[in-house]
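Sharing a structure with you now.
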Amino acid sequence: MLIALDIDGTVILEDESPSPGVVAAVGAAHDAGHEVMLATGRSWEGTQSILAMLQVLPEYVVCSNGAVIMKRLGGTIDTYERFHTESFDATPVLELLRAHLPEAHYLVELPDGRRLYTDYLDDWSLEHANRVPFEQLGTQPVSRVVVVSPTHTDRDFIELIERIGLNHVSYAVGWTAWLDIAPQGIDKSTALEMVREWRDVDGSQVMVVGDGRNDIGMFTWALAHGGRAVAMAQGPQEVRDAAGETTTSVTEGGVAAVLRAL
């Protein structure tokens, strides 16, 4: 099977430690002949350490909510290259959001992997990122926009988006007031479909596991192809509703349970 795992809230806990049993279960799945890969909203820079923790080197890794696909060219983690990237002009959406969220923190990821941000935030891995004035964020095409507003909730973000409309991009709201924006029509599912075709895997042999709203697209995709979509128990109700099945929470080792049952 081709098994695509989300990272945060799926294979790792809030403190970035692994979900109970996940490392051994991923190793056993790999030894059984399955391809275990990651499909995450994180940038590649924030994904490498998780691959190392899981001790796997899949041929492809989906990052930035599907806007970036990394491909391994050699036998080590430092041989991955940006194999496919999507980008868009973020200026209109940045200006629209800033008009409603002037106090928010903004970050963009460029197609070459560089990141630009306006204000420091503890949750962000900002190694090799540059702090710039807001006006510089949209001066070139970007693969991803991240907006965080510590004074708002996820429901506040959902209501804001419904009110102002984000019609020319794809977006997902996180558990907190965290908004991920990708090029229109791009999410984890579009990248995974390319990987599935490149790997020549039948759709019925696909399984995806995740816990967030940015996983709903890949859930729908997997189920439409006859595959499996598994939600973590702690995910929002709409995420669990979109999946074909639910496992236990990340703190209870939900991914390990699913992999051991293969």
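So what J values fall out for the range 184-201 if you push phi through Karplus, 6.51 cos²θ - 1.76 cosθ + 1.60 with θ = phi - 60°, rounded to Hz, Gly and Pro as x?
So the J values, rounded to whole Hz, are 4, x, 10, 8, 4, 5, 5, 5, 5, 5, 5, 4, 4, 5, 5, 8, 6, 9.
Apply 1/(1 + (r/R0)^6) to the Cβ-Cβ distance of His168 and Ile77, taking R0 = 35 Å, and write down the FRET efficiency to the nearest 0.05.
Calculated transfer efficiency: 0.50.
What's the extension gain from Glu14 to Glu127 if we count 0.36 nm per residue and subtract their Cα-Cα distance?
Taking Glu14 through Glu127 to full extension adds about 38.8 nm, to one decimal.
Just in the range 173-262: which trypsin sites (Lys or Arg not before Pro) are loop by DSSP and have at most 11 other Cβ atoms within 10 Å?
Here no loop site has a sparse enough neighbourhood.
Give me the extension gain from Ala261 to Thr91: residue separation times 0.36 nm, minus the current Cα-Cα distance, reported in nm with one decimal.
So the extension gain works out to 56.5 nm.
Follow-up question, since we're still on this one. Could you state the accessible area per residue of the chain in Å², with a 1.4 Å probe and every protein chain left in place?
Value for the chain: 43 Å² per residue.
Using 7 Å Cα-to-Cβ label points, what is the Gln140/Arg199 separation (nm, one decimal)?
3.2 nm
Taking every DSSP beta bridge that has both residues in the chain, what percent is antiparallel when rounded to the nearest 5?
60 percent
To continue, here is another question. What list of ³J(HN,Hα) values in whole Hz, one per residue of the range 96-108 in order, does the Karplus curve 6.51 cos²θ - 1.76 cosθ + 1.60 (θ = phi - 60°) give from phi, with Gly and Pro shown as x?
Working through the residues one at a time gives 5, 5, 5, 5, 9, 10, x, 8, 6, 9, 10, 9, 10 Hz.
Rounded to two decimal places and with Rh computed the Kirkwood way over Cα pairs, what is Rg over Rh for the chain?
0.95
Any idea what Rg and Dmax come out to for the range 151-237 if you just take the C-alpha atoms, in Å?
Spelled out, the Cα radius of gyration and Dmax of the range 151-237 are 14.4, 46 Å.
Binning at 10 angstrom from zero up to the longest distance, how are the C-alpha pair distances of the range 106-201 distributed in percent?
P(r) for the range 106-201, in whole percents per bin: 14, 40, 34, 10, 1.
Can you list the HN-Hα couplings for the range 3-15, worked out from phi with the Karplus curve (6.51, -1.76, 1.60; θ = phi - 60°), rounded to whole Hz and with x for Gly and Pro?
For the range 3-15, the Karplus-derived couplings read 10, 10, 10, 5, 9, 5, x, 10, 9, 10, 8, 4, 8 Hz, x marking Gly and Pro.
To continue, here is another question. What part of the accessible area of the chain, given as a whole %, is carbon or sulfur when the probe is 1.4 angstrom?
Solvent-exposed carbon and sulfur of the chain make up 48 percent of the total.
The values are calculated or read from the model by the stated rules, or taken from the named source; none is laboratory data. In this text the structure is predicted, and so the values were computed from the model without any measurement. Cβ sites come from the backbone with ideal geometry, for glycine too, and all protein chains shown count toward neighbours. Remember, those area values only see protein heavy atoms, side chains included, never the ligands or the DNA or RNA. Shrake-Rupley method; radii C 1.70, N 1.55, O 1.52, S 1.80 Å.
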